[in-house]
Amino acid sequence: MKPQKAPLILSVVIPLALALFWFASTSRAATEKPEYKVIRTDGKVEVRDYPALTVATTPMVDGDKNSGFRQLFRFITGSNDGAEKIEMTAPVLIDSAKDKQTMSFIMPKNAVAKGVPKPSAKNVTLGKVGAARYAVLQFSGGRNAENETKALAKLKVWLVAQKIRGLGEPTFAYYDPPWVPTFLRRNEVMMHIAKAP
């Protein structure tokens, strides 16, 4: 009689999956994120009000996310006027404008309070994103054009159904590092919208 393999597989796979979920959730919870106010929730879409944010931004050469990430990571790990280390925050923001794609790191509150040091690299700049309202759709999966296109299409369908006009180009927000399994990742597509009068 052959031994039953299913119970053994389940006894390994389920605890491993739970451990991965716990590890991803814990690391995400420990990372500073911008505070926002949820105005409305409709399925996977939220309408949120964000405060003004200070960001470090760099161009992505030919849409290369890795090149943008490396430049910004060097900045927060000491490639700046004060040789200071700045805490990593979430999410990483990607502006999807076709002519000039950029990646931004949101600066943590403590760094903003004492003054964010000037980046050493010329292609990393500090700036502000004004307080604004966004329609936001959450999605999972890898960081690729196919997933982004599908998520954006769903958000646009929702905006049309609600008779809400998007302002400018969408922004993609990625909350998790690459080692987090794709099915556990929190990704979002954000569209700036006008506040109701």
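The alpha carbon gyration tensor of the range 33-122 gives principal lengths a ≥ b ≥ c with a/c of 1.5 or higher and a/b no greater than b/c, which makes the shape oblate.
Taking 30 Å as the straight-line reach from the Cα of LYS85, the lysines in range (excluding those fewer than 8 positions away in the same chain) are LYS33, LYS37, LYS65, LYS100, LYS109, LYS114, LYS118, LYS122, LYS128.
Within the accessible area of the range 42-193, the carbon and sulfur atoms contribute 54%, probe 1.4 Å, all protein chains present.
Take ASP81, ASP42, ASP62 and sort them by solvent-accessible surface of the protein heavy atoms, 1.4 Å probe, largest at the top.
Numbers: ASP81 115, ASP42 65, ASP62 155 Å².
Putting ASP81, ASP42, ASP62 in descending order of accessible area: ASP62, ASP81, ASP42.
Accessible area per residue was computed with a 1.4 Å probe on protein heavy atoms; ILE39 scores about 70 Å².
Computed extension gain for LYS109 through THR77, at 0.36 nm per residue and net of the alpha carbon distance, reaches 9.9 nm. When the surface is traced with a 1.4 Å probe over the full set of protein chains, ILE193 keeps roughly 10 Å² accessible. Relative to the current alpha-carbon distance between ASN66 and SER140, full extension at 0.36 nm per residue lengthens the span by 24.7 nm.
At full extension, SER120 and ASP49 could sit 22.3 nm farther apart than now, given 0.36 nm per residue minus the alpha carbon distance.
Once the 1.4 Å probe is applied to the protein heavy atoms, the range 61-103 comes out at 58 Å² accessible per residue. Evaluating kT/(6 pi eta Rh) at 10 °C and 1.306 mPa s, with the Kirkwood radius of the range 124-172 over Cα pairs in the Stokes-Einstein relation, gives 125 µm² s⁻¹. Taking the alpha carbon gyration tensor of the range 47-194, multiplying each eigenvalue by 5 and rooting it gives semi-axes of 27, 17, 14 Å, largest first. Tell me the accessible surface of THR171 in square angstrom (1.4 angstrom probe, heavy atoms of protein chains only), to the nearest ten. Taking all protein chains as shown, THR171 has close to 30 Å².
Extending 7 Å from Cα along the Cβ direction at VAL38 and again at THR149 yields two label points whose distance is 3.1 nm.
The values are calculated or read from the model by the stated rules, or taken from the named source; none is laboratory data. This structure is a prediction, so every number in the text was calculated from the model and none was measured. We place every Cβ from the backbone using ideal geometry, glycine too, and count neighbours over all the protein chains shown. These area figures cover heavy atoms from the full protein model, side chains too; ligands, DNA and RNA do not enter into them. Shrake-Rupley method; radii C 1.70, N 1.55, O 1.52, S 1.80 Å.
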